[in-house]
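Data first, discussion second: the structure below is written as structure tokens.
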Amino acid sequence: MAVAISAARVWGPRRGLGQAALLLLRQPGARGLARFHPLRQQQQQQQFSSLDDKPQFPGASAEFVDKLEFIQPNVISGIPIYRVMDRQGQIINPSEDPNLPQEKVLKFYRSMTLLNTMDRILYESQRQGRISFYMTNYGEEGTHVGSAAALDSTDLVFGQYREAGVLMYRDYPLELFMAQCYGNVNDPGKGRQMPVHYGCNERHFVTISSPLATQIPQAVGAAYAAKRANANRVVICYFGEGAASEGDAHAGFNFAATLECPIIFFCRNNGYAISTPTSEQYRGDGIAARGPGYGIMSIRVDGNDVFAVYNATKEARRRAVAENQPFLIEAMTYRIGHHSTSDDSSAYRSVDEVNYWDKQDHPISRLRLYLLSRGWWDEEQEKAWRKQSRKKVMEAFEQAERKPKPSPYLLFSDVYQEMPTQLRKQQESLARHLQTYGEHYPLDHFDK
């Protein structure tokens, strides 16, 4: 009672607490603050035992435990690798056979081998100093073609820089592959990009950019837009296991899961991030193991089995559109070639290691064995196709080499709708410079 009276005097009737104290004084039989029974409230809260206590934290779904134990990094022996076809080209489980028609499987094979032929010619072209840079796709052709074939033609593709086979399967002309690598007047990018940085609006293939993983959050944004538009469309985003270490990858995974976006994250785990092996890239069970942590449906497939890649991508696409949720596919494969023409992989891996994958477990060899076993292909067809495909690539190569470079004045276009004054001054300065000193430049190699 004394406490209430003192509070009333200190705070006064205008200060809230004083009014509460006065109410206590007016109650009949009041005995100060002793009418508050903390013990009774505690008894009301403990009407169930600790064994029945359920966590109410909003950030996780779990149960309480009374034993201190850290979760081990590999709680299972390893995520299994889904495959349909063995190394001899035989279907392992007939129920998993996609039963594709002959012509479609032949398109798989022709796309993969044509890409292989183009790689060899353009790689040698760079070594001869004809182009500045190149990246081959040796050993990873199955991941490109198997996934591309499972998509709709309008599905949007965000590549990294080793997905030329996706464009090849979508019938991107050899002439445009060559034009881009040569940076000639026919290059859709007008010579502004490094070689192998392809893009094609008509085939829904977003132009490649060099920085690793920047395409991942961009792809999520595109998938979210497709969801809002009810476009019945999926976005597929390719990247390597090295790019999965970038912060953009983690941000993209989380955004895709929380925004429930129809996207397929397609990781080509080829063993090396340039020269960094997977043993130094991560300690967990690869990339597929990360999916559940973000709430993403995940699978690991044999990337050298074009049918396994096809089945996984097709099912992921169906569910991504129907359920508006992301999927993660980790395709286990091997990069047989150097990272690029700027790399010498013999400095960090053995010749025997490379030869094993080239001779014993190549996706093209595996598919050829499948075709031979079905009677859909023979040695004569193989020789004829190899000769024909090389001729097609060489014709496009020679045509690209004869074309002039884009006009130097394209340096100033395609950025602003109306050219700023400062940029216009630079353009005029270049024109005066070339008019005065043009004889010192190979202007006859450039388009007028």
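The values are calculated or read from the model by the stated rules, or taken from the named source; none is laboratory data. Quick caveat: nothing in here was measured; it's all calculated off a predicted structure. Don't worry about glycine lacking a Cβ; one is built from the backbone with ideal geometry, like all the others, and counts go over all protein chains shown. Note: accessible area is taken over every heavy atom of the protein model, side chains too, but ligands, DNA and RNA are not part of it. Shrake-Rupley method; radii C 1.70, N 1.55, O 1.52, S 1.80 Å.
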Given the criterion closer than 25 Å to P217 by Cα, open to solvent by 20 Å² or more (accessible area, probe 1.4 Å) and acidic (D, E), identify the matching residue among E323, E330. E323
Using the structure shown, decide if L115 is in a helix (DSSP H, G or I) and either in contact (Cβ under 8 Å) with a residue 24 or more places away in the chain or open to solvent by less than 10 Å² (accessible area, probe 1.4 Å) (or both). yes
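Conditions (1) more than 23 Å from S111 (Cβ to Cβ); (2) aromatic (F, W, Y); (3) part of a loop (DSSP other than H, G, I, E, B), marked per residue:
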{"position": "D285", "(1), (2), (3)": "yes, no, yes"}
{"position": "S298", "(1), (2), (3)": "yes, no, no"}
{"position": "A316", "(1), (2), (3)": "no, no, no"}
{"position": "I336", "(1), (2), (3)": "no, no, yes"}
{"position": "S340", "(1), (2), (3)": "no, no, yes"}
{"position": "S346", "(1), (2), (3)": "yes, no, no"}
{"position": "V354", "(1), (2), (3)": "yes, no, no"}
Selection count, the stretch 415-437, where residues are out of contact with any Ser or Thr (no Cβ under 9 Å at 6 or more places or on another chain), open to solvent by less than 100 Å² (accessible area, probe 1.4 Å) and in a loop (DSSP other than H, G, I, E, B): 1
Considering only the stretch 132-224, give the helices (runs of 4 or more DSSP H) lying wholly within it that have at least 3 residues that are on the phi > 0 side of the Ramachandran plot. none
Take L167 and tell me if it is crowded, with 21+ Cβ neighbours inside 10 Å and within 29 Å of R318 (Cα to Cα). yes
Working carefully through the options E69, E124, E103, find the one that is in a helix (DSSP H, G or I), without any contact (Cβ under 8 Å) to a residue 40 or more places away in the chain and more than 30 Å from N232 (Cα to Cα). E124
Looking at the stretch 250-271 only, could you name the residues that are surrounded by fewer than 22 Cβ atoms within 10 Å (Cβ to Cβ) and closer than 23 Å to P80 by Cβ? A257, G271
With the structure loaded, tell me whether A225 is under 20 Å from the mean Cα position of the chain (by Cα) and in contact (Cβ under 8 Å) with a residue 24 or more places away in the chain or whether it fails that test. no
Here are some residues: Y182, Y134. Which one is crowded, with 17+ Cβ neighbours inside 10 Å and within 29 Å of Q360 (Cα to Cα)? Y134
Any residue in the stretch 231-245 that is free of Cβ contacts under 8 Å to residues at least 24 places away in the same chain, over 24 Å from I79 (Cα atoms) and open to solvent by 10 Å² or more (accessible area, probe 1.4 Å)? yes
